[in-house]
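Asks: Once you've had a glance at the structure underneath, I'll fire off some questions.
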Amino acid sequence: MNTFELTEKYVLGNYGRFPISFTKGEGCWIEDEDGKRYLDFGSGIAVCSLGHAPECIQKALREQSAELIHCSNLYHIPQQAELAEFIVEKIVKLPGKVFFGNSGAEANDGAVKLARKFFYDRDGNNDRFEVITCRDSFHGRTLGGIAATGQDKVKIGFDPLLPGFHHVPFNDCEALRSAVTENTAAILFEPIQGEGGINIATPEFLQTAAELRQEFGVLIMFDEVQCGFGRTGDWCGWRSISEGIEPDVVTWAKGMAGGFPMGAIWISDRCAGALGPGTHGSTFGGTPLGSAVALSVVREIEDQKLIEKIPALETKIRDRVSQWNFDQISGIRGQGLMLGFTLNQKAFENAEPSASNFLVKELMKEGLLTVPAGPGVVRWLPPLNVSEMEIEKALELTETVLTRLSS
């Protein structure tokens, strides 16, 4: 049996997989079983920060796996401590502590636990347990994650959900104000929504959250699972929007270890004490091997000054797209190398199952990998070390497909 047949027979069918199987990659390029090469502007959905098979990750895996892979968080782990220092001092640049896990969903679940425990410790009861999130958000596939997510489609069939979540329209300051009550523990949202369609929070929305913290004492929690670790042109996605906001909690995963499973929560000194010994944990969180890989990634991003180069790359893309005259594309939005092409649905009237999936498949035929974000947006999430020539190639391939669809 080939890979497709083996997958259908033995692997749970919970993913809507595209009919392709990859075997190897290098940099921005990835190769399928038939030897066809693709320019990868999906990066495993914003995971492969340095592209495929970067030397720094290979070196970290070789050297650390030869020394120590796992030893449990019952003990101190040097690589974990160094990674936490890098995150606090160079990424967040605010006093706090870091918890390491394996995924974004796990990080967001931990953030919700923290918010509830913080107010339990302070007030001596569980009255303050509610979390406000936004419509079109995405916070993971655990029961807690889907309860927090502001998309009904992910919740169907999983009732009863974890209680205490209220969804408000994204960037609606008045709705956010109205939703906060004496039972609100935290406001949780993505500074840039990924799965929801590449929607950027406004500075006013961030400021409203800060004012509500001042008035009600709620925690501000940023889900930077997709937009964090340099993707927006700053280590922190929220700083690409507003410099003046200081969160209480930030969650990450995806790009922080370049493809190795890793998630994390930064917790400000204000509330870090709520998760003391015995309150939270993760068997595989922050292992010597995982921490060494993540360290290699963030140091490479820093040493190569990749974040500083991102604004110019974004400008190149936007300038080129602004010259297009294709009925299929109505605009482009996002920040840095987290960009969404918004689609004119009328130009895809017969597309199945959606306009975004249809265009992603057409681009794939031409040799360009992209990612849908809902029915009407196609994402570009290239590696942070993508070259200008590779961006030029991606633009050319996209133009070729749009020209063909227009004829």
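We did not get these values from a lab; they are worked out from the coordinates using the rules stated. It should be emphasised that the depicted structure is a prediction, and the values quoted were computed from it without experimental measurement. Cβ sites come from the backbone with ideal geometry, for glycine too, and all protein chains shown count toward neighbours.
Asks: Show me 6-12, 116-122, 53-59 ranked by packing, highest mean number of other Cβ atoms within 10 Å first.
Replies: On the way: 6-12: 9.9, 116-122: 18.3, 53-59: 16.1.
For the peptides 6-12, 116-122, 53-59, the packing ranking is 116-122, 53-59, 6-12.
Asks: Taking the Cβ-Cβ separation of Arg177 and Asn126 as r and a Förster radius of 25 Å, what is the calculated FRET efficiency to the nearest 0.05? Can you show the working numbers first?
Replies: Details: r = 24 Å, r/R0 = 0.97.
About 0.55, to the nearest 0.05.
Asks: Next question. Please compute the net charge surrounding Glu215, taking Lys and Arg as +1 and Asp and Glu as -1 over other residues with Cβ under 12 Å from its Cβ. Each step should come with its number before you reach the end.
Replies: Working: positive: Arg177, Arg213; negative: Glu182, Glu211.
With Lys, Arg at +1 and Asp, Glu at -1, the neighbours total 0.
Asks: Among bridges DSSP assigns within the chain, what percent are antiparallel (round to 5)?
Replies: Close to 65 percent.
Asks: Another question, then. Tally Lys/Arg at +1 and Asp/Glu at -1 over every other residue whose Cβ is under 15 Å from the Cβ of Ala274; what's the total? Could you put the intermediate results ahead of the total?
Replies: Details: positive: Lys97, Lys113, Arg116, Lys117, Arg122, Arg128, Arg270; negative: Asp109, Asp121, Asp123, Asp248, Asp269.
Neighbourhood net charge equals +2.
Asks: For region 129-195, what size does the Cα cloud have along each of its three principal axes, sorted from largest down, in whole Å?
Replies: Ordered largest first, region 129-195 gives principal extents of 31, 26, 14 Å.
Asks: Ala253: net charge of surrounding residues, Cβ under 11 Å, Lys/Arg +1, Asp/Glu -1, itself excluded? Don't skip to the end; give the middle numbers.
Replies: Numbers: positive: Lys254; negative: Glu106, Asp223, Glu224.
Charge balance in the 11 Å sphere: -2.
Asks: Also: Report, ordered by chain and residue number, the lysines lying within cross-link reach of Lys9, taken as a straight Cα distance under 29 Å and ignoring same-chain residues fewer than 8 apart.
Replies: Partners within reach: Lys24, Lys36, Lys153, Lys155, Lys254, Lys361, Lys365.
Asks: Just to confirm my numbers, what's the Cα centroid distance between region 221-240 and region 339-383 in Å?
Replies: About 24 Å separates the Cα centre of region 221-240 from the one of region 339-383.
Asks: Calculated FRET efficiency, Glu396 and Lys155, Cβ-Cβ r, R0 60 Å, to nearest 0.05? Don't skip to the answer; put the middle values down first.
Replies: Numbers: r = 41 Å, r/R0 = 0.68.
Taking R0 as 60 Å, the efficiency between Glu396 and Lys155 is 0.90.
Asks: Could you derive backbone 3J(HN,Hα) for region 37-53 from the dihedral phi with the Karplus parameters 6.51, -1.76 and 1.60 (θ = phi - 60°), listing whole Hz in sequence and x where the residue is Gly or Pro?
Replies: 9, 10, 7, 9, 10, x, 6, x, 6, 6, 9, 7, 4, 10, x, 9, 6
Asks: A further question on this structure: So which residue, out of Leu39, Leu339, Leu74, gets the largest mean-square fluctuation from a GNM of the chain using Cα contacts under 10 Å as springs?
Replies: Judging by the Gaussian network model, the answer is Leu74.
Asks: Can you compute 3J(HN,Hα) from phi for each residue in region 148-154, using the Karplus curve 6.51 cos²θ - 1.76 cosθ + 1.60 with θ = phi - 60°, rounded to whole Hz and x for Gly and Pro?
Replies: 6, 5, x, 9, 4, 4, 7
Asks: Taking neighbour counts of Cβ atoms within 10 Å as a proxy for exposure, in what order, fewest first, do Ser43, Ser103 appear?
Replies: Details: Ser43 29, Ser103 20.
Going from least to most buried by this count: Ser103, Ser43.
Asks: Beyond 40 Å, what percent of the Cα pairs of the chain remain?
Replies: Details: 12636 of 82621 pairs.
Of the Cα pairs, 15 percent sit more than 40 Å apart.
Asks: Within the chain, which whole H helices from DSSP have a Cα span along their axis of at least 18 Å and a mean Kyte-Doolittle hydropathy of 0.0 or more, if any?
Replies: Working: long enough: 104-123 (29 Å, -0.78); 203-216 (20 Å, -0.54); 288-303 (22 Å, 0.61); 306-322 (24 Å, -0.19); 388-406 (27 Å, -0.06).
Helices passing the filter in the chain: 288-303.
Asks: Pull up all non-local amide H partners of Phe165: gap of 5 or more, or a different chain, and H-to-H distance under 5 Å with H placed in the peptide plane.
Replies: Amide H neighbours of Phe165, under 5 Å, 5+ apart: Val131.
Asks: Between Arg404 and Asp319, how many nm apart are label points set 7 Å from Cα along the C-beta direction?
Replies: Simple spin-label model gives 2.9 nm for this pair.
Asks: Non-local amide H neighbours of His52 (under 5 Å, H modeled in plane, Pro and chain starts lacking H): which ones?
Replies: Close amide H contacts, sequence-distant or interchain: Glu26, Gly27, Cys28, Trp29.
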